[in-house]
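The values are calculated or read from the model by the stated rules, or taken from the named source; none is laboratory data. Just so it is clear, the model here is predicted, and its values are computed rather than measured. Cβ sites come from the backbone with ideal geometry, for glycine too, and all protein chains shown count toward neighbours. SASA here: full protein model, heavy atoms, side chains in, ligands and nucleic acids out. Shrake-Rupley method; radii C 1.70, N 1.55, O 1.52, S 1.80 Å.
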Amino acid sequence: MNIFGVKVRTFDMVMALYIFGVMTSEMLGAKTFPIATIGSFHLNATVAIFVLPLLFTLTDAVVEVYGRKRARSMIFAGLTTIVLLFLFLWLATSLPPSQRFAEKEVAYDAIFGASMRIALASLAAFAIAELLDVAIFSKLRERMKQKALWFRNNASNFVSQFVDSAVFLTLAFYAFDTSFGENFSFLLGLLIPYWLLRCLLSLLETPLVYAGVWWLRRDKDADAT
């Protein structure tokens with residue numbers, strides 16, 4: 001594809017979208033918004049829910065066209081981005097402010113100074129779920145002989161996004177001063193509706209994996225000619 005007369009490889013654009021999704025979910029994902037109220041139960045979701053299913057869709061499209069190794073390479077690039085982001089945020093919030101910026105320091109630290117536990121939970125969940133998604137999608141691709149892309153995409157997404165939500169919520173919000181039963185009940189109440197909402201978005205984004213595969217294959221075929 002050409003942008004302002006410059007030829008840009010499709011995979012580079014896919015990689016840019018992937019890093020955008022990673023950065024957006026990490027930096028802006030702390031905000032939650034209301035979805036629905038059922039009796040006394042309030043269903044909320046993080047704003048990152050709009051980009052998280054897209055990350056899994058992009059990796060599936062890359063596996064379909066370029067194979068498992070290229071997708072894993074993309075995931076590790078995303079993990080490196082998260083680690084570097086956390087390290088720079090730690091540096092930025094640790095440095096003393098100049099006199100001109102002193103009044104804004106509290107707000108700055110509150111926004112960007114995420115707790116280490118939340119940061120590590122997010123990193124662990126992202127790594128496990130993304131690698132699991134690639135593994136499941138690749139295995140289904142082999143067994144189904146590259147047929148039913150819609151099924152392979154959603155099946156791998158449903159499982160991996162459940163693991164992503166379960167790992168993050170457990171590591172971030174498990175209370176060691178309460179019983180296992182109370183923790184289980186609380187976390188399950190958060191996990192199920194949030195996971196179902198992510199599954200719904202994954203279904204709605206199914207056409208995107210077909211568009212991504214077509215987009216990547218067109219660029220790959222052009223390079224081969």
Quiz item: Applying 1/(1 + (r/R0)^6) with R0 = 30 Å to the Cβ-Cβ distance of residue 188 and residue 150, what FRET efficiency is obtained, to the nearest 0.05?
Solution: 0.55
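Which whole DSSP H helices in the chain pass both tests: a Cα extent of 20 Å or more along the axis and a mean Kyte-Doolittle value no lower than 1.0?
10-28, 52-66, 68-94, 180-204
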Exercise. Could you provide, to the nearest whole Å², the per residue accessible area of the chain with probe 1.4 Å?
Key: 58
Quiz item: Amide H of residue 44: which non-local residues (sequence gap of 5 or more, or other chain) have their own amide H closer than 5 Å, using H built in the peptide plane?
Solution: 35
Exercise. Largest first and to the nearest Å, give the Cα extent of the chain along each principal axis.
Key: 58, 48, 29
Quiz item: Where the only charges are on Cβ atoms (+1 Lys, Arg; -1 Asp, Glu), what is the dipole of the chain about its Cα centre, to the nearest 20 debye?
Solution: 860
Quiz item: Relative contact order of the chain: what whole-number percent is it, with Cα pairs under 8 angstrom and at least 6 residues apart?
Solution: 25
Quiz item: Roughly how many percent of the accessible protein surface of the chain is carbon and sulfur, given a 1.4 Å probe and a whole-percent answer?
Solution: 70
Self-check item: Value of Rg to Rh for the range 43-124 (Rh from inverse mean 1/r over Cα pairs, i.e. Kirkwood)
Solution: 1.11
Quiz item: Which net charge results for the neighbourhood of residue 126, defined as the other residues with beta-carbon distances under 12 angstrom from its beta-carbon, given Lys and Arg at +1 and Asp and Glu at -1?
Solution: -4
Quiz prompt | Förster radius 25 Å - calculated FRET efficiency between residue 176 and residue 102 (Cβ-Cβ, nearest 0.05) | solution = 0.10
